[in-house]
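See structure below.
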Amino acid sequence: MAKVVETTLRGPEAYGLARRVLDEMEAAGVWPTPVNFELWLHHLGEPEGALGQEIRRILAAGEPFTEAVSDMLAAEYLPRGRLSEEIRDAGRVLDRELTSVATAIARAHKNQSEYGQVLAGAATDMAGAAASPEGLRTVVDGLTVATRKVQKQNADLEKRLDASTREVARLREHLEQVRRDAMTDALTNLANRKAFDEHLDACVEAAHRDGRDLVLAVVDIDHFKRFNDTWGHQTGDQVIRYVASVLGRLARTPRMAARYGGEEFAVIFPNEDSAAVEAALEDARTEIASRSLRRRSTDDELGAVTISAGHARLARGETPAALLGRADEALYASKHAGRNRVTCAEAARKAAA
């Protein structure tokens, strides 16, 4: 995650930084959209960070800095900052709505109090005007006017509360979408690393609590660097999306697939044993390897894509980090054994014993 650049600059200092960012973008041939400006600001703030390295790689390869690339980088490296801004905006809207409702309720309370005083006064007037029909008519007319006034004020309050309820519901829906976006990898539409970490923690806790099986698989695209070096970043993205689509179909609820980082994925299998997971991963591996991809822009044949996978079953008292470590070891065992295969951590350990 790129380090957040300080935004407390003022006057000439802020102008100088903005001018430098725009100059750098112009030199790189990057269109100065708000998203690109934010990316470059973080890039210049921490040039050796992950975002800076990725931007330099893209520029060195001569790949076009398209809107899709910008969106991918923003989703990968800037989600927390965007989420924070969305939350701040939502907080301002909510504060405005609550203030409006509080004002309306206070006004209604005042009106009810005044109406109570009118009723008390009317009771006194009616007692004094009991022998005078004209006096009674005057009191009743006054009560009618006061009652209509209160009815209108109550109707206005009801409309205000109804409108506020709809606005808060809309706000809640918007924040839920923001939360989903912050948990989703923009390139593949799978869960991102943050969502995966949180879900794995919850699944491990539930498995220990309920005494149920839990298997974690780690999947990596074989020779992915070759695709990027040969065909470019956009074609590499095409390969990643293809593999992600297969894993996404594999990981129907309650399973969960995530883009763990780069060309690596992770799949969580709650309440399933190693044999079932092995079979599912083999099906995915076979499907991916059976298809020959073509480059969309030129229709050049890319050849077959293969994956390597490793999976591990949660042991009693094991932490999420330890489970992930064993799944990673099984993945590397698949790599070392020639790639395009699935390795079970427990089976590999028994074979090595």
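General remarks:
- For His311: the one exception among (1) outside any helix (DSSP H, G or I); (2) at pLDDT 95 or above; (3) within 22 Å of the chain's Cα centre (by Cα): (3)
- Some residue of segment 272-288 being farther than 24 Å from Glu205 by Cα, crowded, with 20+ Cβ neighbours inside 10 Å and under 22 Å from the mean Cα position of the chain (by Cα): no
- Within segment 38-58, the set of residues being without any contact (Cβ under 8 Å) to a residue 24 or more places away in the chain, within 24 Å of the chain's Cα centre (by Cα) and more than 17 Å from Leu22 (Cβ to Cβ) comprises Gln53, Glu54.
- Any hit, segment 304-313, residues being small (Gly, Ala, Ser), within 20 Å of Asp197 (Cβ to Cβ) and touching a Gly at 6+ places or on another chain (Cβ under 9 Å): yes
- Selection within segment 183-200 - more than 15 Å from Pro254 (Cα to Cα) and modelled with pLDDT of 95 or more: none
- For segment 254-271, the candidate set comprises residues that are of a type in the set (A, V, I, L, M) and over 13 Å from Val243 (Cβ atoms); within that set, the residue that is surrounded by the most Cβ atoms within 10 Å (Cβ to Cβ) is Ile268.
- For segment 260-271, a residue qualifies if it is out of contact with any strand residue (DSSP E or B) (no Cβ under 6 Å at 6 or more places or on another chain) and touching a residue at least 40 places away in the same chain (Cβ under 8 Å), and the qualifying residues are Gly261, Asn271.
The values are calculated or read from the model by the stated rules, or taken from the named source; none is laboratory data. What you see is a predicted model, and the numbers here were worked out from it, not measured in a lab. Cβ coordinates were reconstructed from backbone atoms using ideal geometry, including for glycine residues, and neighbour counts include every protein chain displayed.
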